[in-house]
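Notes follow the structure.
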Amino acid sequence: MNINQNYENLEQSYLFSTIAHKVNDFISKNLDKKVIRLGIGDVTLPLCKKVIEALHKAVDEMGVQATFRGYGPEQGYDFLREAVQGYYKKRNVELDLDEIFISDGAKSDVGNILDLFAQDNTVLVPDPVYPVYVDTNVMAGRTVIFADANGDNVFLPMPDKSKKVDLIYICSPNNPTGAVYNKEQLQAWVDYAKETNAIILFDAAYECFISDENLPRSIYEIEGAKDCAIEFCSLSKTAGFTGTRCGYTIVPKALGKLNKMWLRRQTTKFNGVPYIIQRGAEAVFTDEGQKEIKENINYYKENAKIISETLTRCNIWHVGGKHSPYIWLKCPNNMKSWEFFDYLLENAQIVGTPGAGFGKNGEEYFRLTSFGSRENTIEAMERFEKLFG
Ligand SMILES: *Cc1c(COP(=O)(O)O)cnc(C)c1O
């Protein structure tokens with residue numbers, strides 16, 4: 001046998017292990033100091049009531065012969081696909097049920113979708129980037145090129161017509177930067193993809209954090225997008241499902257064969273999301289469920305606002321924090337991102353994530369997140385302002 005040699009080409013990621021090591025080392029030498037973690041990339045608030053009720057009810061159904069369920073449809077139960085369909089309809093996006101595929105989260109589908117594309121495709125990913133986009137393609141031996149996101153384009157790279165690419169990853173609102181594309185900018189990407197016969201893989205994992213009605217939450221709000229884009233979404237960040245696992249992927253029939261190919265791929269390699277979980281997910285889309293998840297999202301967004309306002313008072317350049325749980329800041333005093341990490345830990349006992357961990361364009365930047373508690377966020381920002389105010 002021969003192993004897949006492409007794995008040799010993966011860059012080792014020491015980002016989170018290095019952070020953990022540095023933090024533990026600091027704590028062991030400074031037992032009297034309270035370290036506040038603003039690097040959390042996971043939700044912290046519990047599932048909402050409506051979801052818990054639905055989960056309990058579904059568990060009970062599984063214990064009764066008349067309502068027990070075995071294998072479900074690989075692409076998801078109709079009740080959940082209809083709920084997703086209704087959710088898109090609120091934004092005037094019409095989808096057929098067979099364009100909606102229920103998944104166990106966006107990460108798996110963002111990787112799995114690559115089964116549908118030839119190995120010699122060239123892939124465009126933004127830098128800085130969510131590492132999954134790069135690594136899944138490296139594993140498959142594809143050539144990855146980068147679209148530079150930086151201060152000049154406010155971390156929203158636009159198409160470069162001199163480059164010919166086949167697959168384009170877009171994440172908006174973005175992880176790690178929190179930057180959000182507006183309609184005109186996304187229209188330019190859609191036009192570019194159509195002109196060059198490329199496919200956009202649109203990661204909408206943070207769409208729920210958008211509160212401005214004029215900003216697109218789905219790529220399908222953009223004219224022509226159904227002809228060139230696949231959309232991934234997840235209940236992970238929007239409804240606290242990171243440990244519960246449920247998402248959905250939209251593969252429009254206007255993409256031709258790809259819709260049927262994805263169905264074939266899923267029916268072959270996937271046996272669906274548990275019935276119990278899909279009932280929990282369905283509850284997210286009810287009016288009450290939406291109201292309850294908004295409360296949680298607003299809690300995170302208020303934290304983000306507190307961080308962003310502190311940075312503004314300290315004259316520190318940053319993006320995000322408005323339609324996103326992430327705040328991406330320029331390290332003060334020309335520090336490099338790891339240097340700033342050490343400085344902040346040493347002098348304010350705040351933990352964030354060095355931008356360098358997300359790509360070369362993150363070298364002078366730093367990510368803070370709003371997934372901590374209100375109390376800790378306020379305390380961290382008071383410490384921050386003492387240092388930089
Ligand atoms: C958290 C996150 C997801 C969601 O992944 P799941 O597998 O659904 O938990 C997708 N994309 C990005 C960029 C994320 O940060």
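The values are calculated or read from the model by the stated rules, or taken from the named source; none is laboratory data. The structure displayed is predicted, hence computed values, not measured ones. Cβ: placed from backbone, ideal geometry, glycine included. Neighbour counts: every protein chain shown. Accessible surface is based on the protein model in full, side chains and every heavy atom, while ligands, DNA and RNA are left aside. Shrake-Rupley method; radii C 1.70, N 1.55, O 1.52, S 1.80 Å.
Observations on the model:
- The listed residues are 225, 239, 229, and the only one of them that is within 16 Å of the ligand (Cβ to nearest atom) and within 18 Å of residue 188 (Cβ to Cβ) turns out to be 229.
- Among the residues of the stretch 94-122, those identified as more than 16 Å from the ligand (Cβ to nearest atom) and not charged (D, E, K, R) are 95, 97, 116, 117, 118, 119, 121, 122.
- Candidate set: the stretch 179-198, residues that are crowded, with 17+ Cβ neighbours inside 10 Å and among the small types (Gly, Ala, Ser); chosen: the one nearest to the ligand (Cβ to nearest atom): 179
- The combined condition, being modelled with pLDDT of 95 or more and within 30 Å of residue 241 (Cβ to Cβ), is not fulfilled by residue 338.
- Residue satisfying all of: in the stretch 84-98; part of a helix (DSSP H, G or I) and open to solvent by 10 Å² or more (accessible area, probe 1.4 Å); nearest to residue 164 (Cα to Cα) among these: 98
- For the stretch 152-170, the set of residues classified as within 19 Å of residue 141 (Cβ to Cβ) and either touching a Lys or Arg at 6+ places or on another chain (Cβ under 7 Å) or open to solvent by less than 60 Å² (accessible area, probe 1.4 Å) (or both) consists of 165, 166, 167, 168, 169, listed by residue number.
- Tabulated pairs, the stretch 201-214, first under 15 Å from residue 322 (Cα atoms) and assigned by TED's automatic domain parsing to the domain that holds residue 299, second of a type in the set (D, E, K, R) and open to solvent by 10 Å² or more (accessible area, probe 1.4 Å), C-beta under 9 angstrom, 6+ apart or interchain: none
- The C-beta contact set for the stretch 176-197 (first residue outside the structural domain of residue 325 (by TED's automatic domain parsing), second residue assigned to a helix (DSSP H, G or I) and open to solvent by less than 50 Å² (accessible area, probe 1.4 Å), distance under 6 angstrom, 6+ apart or interchain) comprises 176/358; 190/225.
- The stretch 109-131, residues that are open to solvent by less than 20 Å² (accessible area, probe 1.4 Å), under 16 Å from the mean Cα position of the chain (by Cα) and within 29 Å of residue 318 (Cβ to Cβ): 110, 125, 126, 127, 128, 129
- Residues of the stretch 116-152 satisfying the condition of being touching a residue at least 24 places away in the same chain (Cβ under 8 Å), in contact with a Gly (Cβ under 8 Å, 6 or more places away or on another chain) and assigned to a loop (DSSP other than H, G, I, E, B): 128, 129
- Residues of the stretch 218-271 that are in contact (Cβ under 8 Å) with a residue 24 or more places away in the chain, over 20 Å from the mean Cα position of the chain (by Cα), closer than 19 Å to residue 105 by Cα and open to solvent by 20 Å² or more (accessible area, probe 1.4 Å): 263, 265, 267, 269, 270, 271.
- Matching residues, the stretch 207-217, being touching a strand residue (DSSP E or B) at 6+ places or on another chain (Cβ under 8 Å) and open to solvent by 40 Å² or more (accessible area, probe 1.4 Å): none
- Yes/no for residue 201 being more than 16 Å from the ligand (Cβ to nearest atom) and buried (at least 22 other Cβ atoms within 10 Å of the Cβ): no
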